[in-house]
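**Student:** Handing you a structure now.
The values are calculated or read from the model by the stated rules, or taken from the named source; none is laboratory data. Just so you know, these numbers come straight off a predicted model, no measurement behind them. Neighbour counts run over all protein chains shown; Cβ positions are idealised from the backbone, glycine included.
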Amino acid sequence: MKGNDLLNGLGYVDDCLIREAEEPRPKKSSTRFALSVAVGFAVIIAAFLIWSNFPNNLPISLGNKLPPIATSEDPHFSEDYKLYFNNAGSQVVRNINIEGHFWEELTSMQIRRLFPGTAGKYQTSGTVNYSYQSGSVSIFNVEARFDAGGKDIKITIAPGEVIKCYLIEGEPIPSEIEDVKIEAGIFITNRNSKGQRNYIYYADFKIDDVAYSVEYIGKKGDEGFFTSIIADIVLGGKADLSVLANPTVPLLRGDRLTEKEAYAEQDFGAYLPKVPGDYSFNDAVRFINQESNYLLLSWSKGYADIRIIASELKDQDRGRIVSPEDEELYNMALYPTPWADSMPRDTREVIENPIFNIEDLTLDILKMRCYIRGEQDDPDINSVNMRFSTLYGNILVEVSTEGVTPEYLFSELSGIPRV
């Protein structure tokens, strides 16, 4: 559950809320809105998070209700545990930055010590996310899932606090199991295209100094099942976070560079094309973590932008490599806007950003990559746009430009040495 896996794993969030988390976007000049960028070992993990201290002053909803007592099929029927399920009025997605982020998959021993009440009963897997700052490592959180009879349970634990995911309609009414105070609730989604709703059950609580957030997407009437799961976790006792100490810190970088430093950078600097002199330099970042290794630069001129990313070719990028004969995969003239209607769904990712081996790149190909964005009578934004990537051996150079001619780009890209 790292990087994009965290997002893809959160099946409780509507698809429209899930976004690519690690798209690098440096800041713009003062004439434009700022682009966000990974700085100081920061990587964006998108998870559905909200401010934990959000004020809740609305009246208590009449829809709040006590669930039925757990049935005899549940493991804690004799203890007669109950949770009060508040109505959650909204679910919010936030992005957070983890300074010096890196992660490790949990071992079976760590799982047993972190989840003593459930690890022996349910198949469990997870990831611990660390933060590395000023030579010191700290635990940010643990994201885990377990299978309870085919039902998927997501649990997040963290030292101190776990940021909440839902807004309660009114002042939350707490519950309690074995002296552990619990805020439980239900979030009901809108109906999907088949008229179905999802019932998302959640519980936030702390055992001593360790915070927990548990979620389960189910159906109406699953209160008893979810109560049983929470009882399992609480009765198992506090997670032993000491088993996560002394991780191996991988190579990490998040350095902001000057334009001169970027072009002199030893790994990727030699592969950067020069940009027209009337564009102002915005930013450059050299970033490395367990998944990414790239050099990013950006420039702007009024409303026009240039962005260049140099990186090592990844296996998942190889499917975007095209040949000159594959015109249907790169000729933008074949796809009028809106592209959602004109581009085939199965090849859209390639058409939007094809990769050309530098030996195959021609001026005619670049001319076919050009498209116009904006109103025809608006000279400030009605300019030639291009997006594509070139491959120099194992080095990938992605180019996104506004207002740059294909002749200029072809000359610059062709002049880069084949190192």
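**Student:** Could you list all residues from region 281-318 that are more than 23 Å from residue 417 (Cβ to Cβ) and in a strand (DSSP E or B)?
**Tutor:** Scanning region 281-318 gives 282, 283, 285, 287, 288, 298, 300, 301, 304, 305.
**Student:** Looking at 182, 233, 188, 207, can you tell me which residue is more than 18 Å from residue 162 (Cα to Cα) and β-branched (Val, Ile, Thr)? Break it down stepwise before answering.
**Tutor:** Working: 182 fails: more than 18 Å from residue 162 (Cα to Cα); 233 fails: more than 18 Å from residue 162 (Cα to Cα); 207 fails: more than 18 Å from residue 162 (Cα to Cα).
Of the residues listed, the single one that is more than 18 Å from residue 162 (Cα to Cα) and β-branched (Val, Ile, Thr) is 188.
**Student:** Let me ask another. Among what's in region 343-362 and is part of a helix (DSSP H, G or I) and surrounded by 13 or more Cβ atoms within 10 Å (Cβ to Cβ), pick the residue that is farthest from the chain's Cα centre (by Cα).
**Tutor:** Here the answer is 360.
**Student:** Name the residue that is nearest to residue 145 (Cα to Cα), counting only residues in region 99-110 that are buried (at least 16 other Cβ atoms within 10 Å of the Cβ) and touching a helix residue (DSSP H, G or I) at 6+ places or on another chain (Cβ under 9 Å).
**Tutor:** Out of the qualifying residues, it is 106.
**Student:** Against the definition (part of a helix (DSSP H, G or I) and not basic (Lys, Arg)), how does residue 251 come out, yes or no?
**Tutor:** no
**Student:** Related question: Quickly run through region 363-381 and pick out the residues that are at pLDDT below 95 and surrounded by fewer than 13 Cβ atoms within 10 Å (Cβ to Cβ).
**Tutor:** Selection gives 373, 375, 376, 377, 378, 379, 380.
**Student:** Looking at region 305-329, which of its residues are farther than 25 Å from residue 292 by Cβ and surrounded by 11 or more Cβ atoms within 10 Å (Cβ to Cβ)? Can you show your working first?
**Tutor:** Of the residues in region 305-329, the ones farther than 25 Å from residue 292 by Cβ are 323-329.
Passing the criteria: 323, 324, 326, 327, 328, 329.
**Student:** Only one of these conditions is not met by residue 213: (1) surrounded by 21 or more Cβ atoms within 10 Å (Cβ to Cβ); (2) over 27 Å from residue 100 (Cα atoms); (3) of a type in the set (Ser, Thr, Tyr). Which number is it?
**Tutor:** Among (1) surrounded by 21 or more Cβ atoms within 10 Å (Cβ to Cβ); (2) over 27 Å from residue 100 (Cα atoms); (3) of a type in the set (Ser, Thr, Tyr), the lone unmet condition for residue 213 is (2).
**Student:** Just to be sure before I move on: is residue 190 in contact with a strand residue (DSSP E or B) (Cβ under 8 Å, 6 or more places away or on another chain) and polar (S, T, N, Q) in the structure I sent? Show your work before the answer.
**Tutor:** Values: in contact with a strand residue (DSSP E or B) (Cβ under 8 Å, 6 or more places away or on another chain): no; polar (S, T, N, Q): yes.
Against the criterion (in contact with a strand residue (DSSP E or B) (Cβ under 8 Å, 6 or more places away or on another chain) and polar (S, T, N, Q)), residue 190 does not qualify.
**Student:** I would also like to ask the following. If residue 260 passes every condition in (1) free of Cβ contacts under 8 Å to residues at least 12 places away in the same chain; (2) farther than 30 Å from residue 299 by Cα but one, which one does it miss?
**Tutor:** Status for residue 260: all satisfied but (2).
**Student:** Go through the residues of region 332-340 one by one and say whether even a single one is assigned to a helix (DSSP H, G or I) and loosely packed, with under 12 Cβ neighbours inside 10 Å. Walk me through how you get there before you give the answer.
**Tutor:** Pass one, region 332-340, residues assigned to a helix (DSSP H, G or I): 332-334, 339-340.
Now narrow it down to the ones that are loosely packed, with under 12 Cβ neighbours inside 10 Å: 333, 340.
Within region 332-340, one or more residues are assigned to a helix (DSSP H, G or I) and loosely packed, with under 12 Cβ neighbours inside 10 Å.
**Student:** Mind listing just one residue for me: the one in region 264-280 that is over 29 Å from the mean Cα position of the chain (by Cα) and assigned to a helix (DSSP H, G or I) and, of those, farthest from residue 407 (Cα to Cα)?
**Tutor:** It comes out as 264.
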